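Student: Dropping the structure in here first, questions after.
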Amino acid sequence: MLPYALARPFLFGLDPERAHDLTLDSIARMQNTPLQCLWAQARVNDPVEVAGLIFPNRIGLAAGLDKNGRCIDGLGAMGFGFIEVGTVTPKGQSGNPKPRMFRLPQANALINRLGFNNDGLDAFIANVKRARFRQNGGILGLNIGKNAATPIERAVDDYLVCLDGVYPHADYVTLNISSPNTKNLRALQSDAALDALLSAVQERREQLAAQSGRRVPVFLKIAPDLIEAQVDVIAATCKRHAIDGVIATNTTIARDAVKHLPHGDEAGGLSGAPVFAASNRVIAQLRAALGGAYPIIGVGGVMSAADARAKIAAGANLVQIYTGFIYEGPPLIAAAARALAGAAR
């Protein structure tokens, strides 16, 4: 494997979004070719059943890195047990104006305000259908959202369109209602709005399950910027509507840890080490509210194997990485998976 320590200085010398696009373009071109050996590494074998699915190991890629599902196989070759791609919206959209991604290396953090930039549902599904990751034993999550131009009052329509499209191709589907970069999106986490969304999604999921003979788990991705009462409402609403699990958490709008740093006051979602504690707090609150058997995927600030273990200790069943992957590269995947191998179910 090409040592990431050699590639990182070059990539970090580029504009963050340029480095991101260059990396994904390269992976897309070289995946499923002999050149994939440049980054491929064996997947740690630590199968665990969560939400009725057998995950090859507990370490996954969080949504947001590969919004269009172009690089599923190339990323899968790095040893992830599961990969989540998206967020996809019904129609393609360019997202927010550039620059919209910023590194904060002193804090092992990123700020982004991308705004669900993606090529739309049709292109997304075409990419997903080409991928071989699922046939090779990996678990694939497809993350769905609403278009920026869709009024929040009609948000449910966008989620149902996306659910219809991705359902046949997903091992699980994630409802992203927690990005801070789409206006009013986080309002869907409130009591009445969440109840309406989950009710509609659950009704449509049962229809799709009856038609296909296959019941695909649905997860809800929530923010770290919630007080305990809000977390309790979300937990109760998920249980009431038989949502299969929660992903905790998305990025934070808090800036206390980075406001003194260059770019620390940029608008958008802060990810990486500064969100670690807030994410773990929400995970622990969810576990207390949901009980021991309810699936939780922990994400936020995992920069090391020890951080991955802390997510499990907080109450997560599985762990996702994103910003840690940007800073540490593929070695983090194997190290974290090994650290969790054999952890208490």
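Student: Could you check the stretch 15-39 and list, in sequence order, the residues that are outside any helix (DSSP H, G or I) and modelled with pLDDT under 95?
Tutor: Within the stretch 15-39, the subset outside any helix (DSSP H, G or I) is 15, 31-33, 39.
Once the filter is applied, which keeps residues that are outside any helix (DSSP H, G or I) and modelled with pLDDT under 95, the stretch 15-39 yields only W39.
Student: Does D73 meet the test of being part of a strand (DSSP E or B), at pLDDT 95 or above and within 18 Å of D25 (Cβ to Cβ)? Walk me through how you get there before you give the answer.
Tutor: Details: part of a strand (DSSP E or B): no; at pLDDT 95 or above: yes; within 18 Å of D25 (Cβ to Cβ): yes.
Considered against the rule, which asks whether it is part of a strand (DSSP E or B), at pLDDT 95 or above and within 18 Å of D25 (Cβ to Cβ), D73 comes out as no.
Student: State whether one or more residues within the stretch 157-164 are surrounded by fewer than 24 Cβ atoms within 10 Å (Cβ to Cβ), at pLDDT 95 or above and of a type in the set (S, T, Y). Can you show your working first?
Tutor: First pass over the stretch 157-164, keeping only residues surrounded by fewer than 24 Cβ atoms within 10 Å (Cβ to Cβ): 157-158, 160-161, 163-164.
Now narrow it down to the ones that are at pLDDT 95 or above: 157-158, 160-161, 163-164.
Checking the rest, the ones that are also of a type in the set (S, T, Y) come to none.
Checking the stretch 157-164: not a single residue is surrounded by fewer than 24 Cβ atoms within 10 Å (Cβ to Cβ), at pLDDT 95 or above and of a type in the set (S, T, Y).
Student: When the stretch 99-135 is examined, which residues are found to be touching a residue at least 60 places away in the same chain (Cβ under 8 Å) and over 30 Å from I253 (Cβ atoms)? Walk me through it before giving the result.
Tutor: Looking only at the stretch 99-135, we keep the residues that are touching a residue at least 60 places away in the same chain (Cβ under 8 Å), and these are 99-116, 131-133.
Selection gives A131, R132, F133.
Student: Answer with yes or no whether N118 is closer than 27 Å to A277 by Cβ, buried (at least 19 other Cβ atoms within 10 Å of the Cβ) and touching a Gly at 6+ places or on another chain (Cβ under 7 Å). Steps first, answer last, please.
Tutor: Working: closer than 27 Å to A277 by Cβ: no; buried (at least 19 other Cβ atoms within 10 Å of the Cβ): yes; touching a Gly at 6+ places or on another chain (Cβ under 7 Å): yes.
So N118 does not fit the description; no.
Student: Then there's this: Any idea how many residues of the stretch 98-126 are small (G, A, S), within 30 Å of V258 (Cα to Cα) and not in a strand (DSSP E or B)? Walk me through it before giving the result.
Tutor: Pass one, the stretch 98-126, residues small (G, A, S): 107, 109, 115, 120, 123, 126.
Next, from what is left, pick out any that are within 30 Å of V258 (Cα to Cα): 107, 109, 115.
Those left that are additionally not in a strand (DSSP E or B): 107, 115.
Number satisfying all stated conditions: 2.
Student: Residue check: is I247 in a strand (DSSP E or B) and either of a type in the set (A, V, I, L, M) or without any contact (Cβ under 8 Å) to a residue 24 or more places away in the chain (or both)?
Tutor: yes
Student: For the stretch 78-98, enumerate the residues that are surrounded by 24 or more Cβ atoms within 10 Å (Cβ to Cβ) and without any contact (Cβ under 8 Å) to a residue 60 or more places away in the chain.
Tutor: Residues satisfying the conditions are I83, V85.
Student: Working only within the stretch 237-266, note down all residues that are aliphatic (A, V, I, L, M) and more than 22 Å from the chain's Cα centre (by Cα). Steps first, please.
Tutor: First, pick out the residues of the stretch 237-266 that are aliphatic (A, V, I, L, M): 242-243, 246-248, 253-254, 257-258, 261.
Listed by number, the residues that qualify are A257, V258, L261.
Student: I need the full set of residues from the stretch 221-255 which are acidic (D, E) and touching a helix residue (DSSP H, G or I) at 6+ places or on another chain (Cβ under 8 Å), in order please. Steps first, please.
Tutor: Going residue by residue through the stretch 221-255, those that are acidic (D, E) are 225, 228, 232, 244.
Of everything in the stretch 221-255, those that are acidic (D, E) and touching a helix residue (DSSP H, G or I) at 6+ places or on another chain (Cβ under 8 Å) turn out to be D225, E228, D232.
Student: Continuing with the same structure: Could you say whether any residue in the stretch 250-260 is crowded, with 22+ Cβ neighbours inside 10 Å, at pLDDT below 95 and closer than 21 Å to V173 by Cα?
Tutor: Yes; the residues of the stretch 250-260 include at least one that is crowded, with 22+ Cβ neighbours inside 10 Å, at pLDDT below 95 and closer than 21 Å to V173 by Cα.
Student: Among the residues of the stretch 264-289, write down those that are surrounded by 20 or more Cβ atoms within 10 Å (Cβ to Cβ), of a type in the set (A, V, I, L, M, F, W, C), over 17 Å from R103 (Cβ atoms) and in contact (Cβ under 8 Å) with a residue 40 or more places away in the chain.
Tutor: Hits for the stretch 264-289 are A278, V282, L286.
Student: Same structure again: Count, please, the residues in the stretch 297-316 that happen to be surrounded by fewer than 24 Cβ atoms within 10 Å (Cβ to Cβ) and either closer than 22 Å to L104 by Cα or within 15 Å of the chain's Cα centre (by Cα) (or both).
Tutor: To start, the set of residues in the stretch 297-316 that are surrounded by fewer than 24 Cβ atoms within 10 Å (Cβ to Cβ) comprises 303-307, 309-310, 312-315.
Now restrict to residues that are either closer than 22 Å to L104 by Cα or within 15 Å of the chain's Cα centre (by Cα) (or both): 303-307.
The qualifying residues number 5.
Student: Would you confirm whether or not the stretch 30-42 contains a residue that is under 20 Å from the mean Cα position of the chain (by Cα) and in contact (Cβ under 8 Å) with a residue 60 or more places away in the chain?
Tutor: Initially, the stretch 30-42 is screened for residues under 20 Å from the mean Cα position of the chain (by Cα), giving none.
For the stretch 30-42, residues under 20 Å from the mean Cα position of the chain (by Cα) and in contact (Cβ under 8 Å) with a residue 60 or more places away in the chain: absent.
The values are calculated or read from the model by the stated rules, or taken from the named source; none is laboratory data. Quick caveat, the model's predicted, so the values are computed rather than measured. FYI the Cβ positions are ideal-geometry reconstructions off the backbone, even for glycines, and counts take in every protein chain you see.
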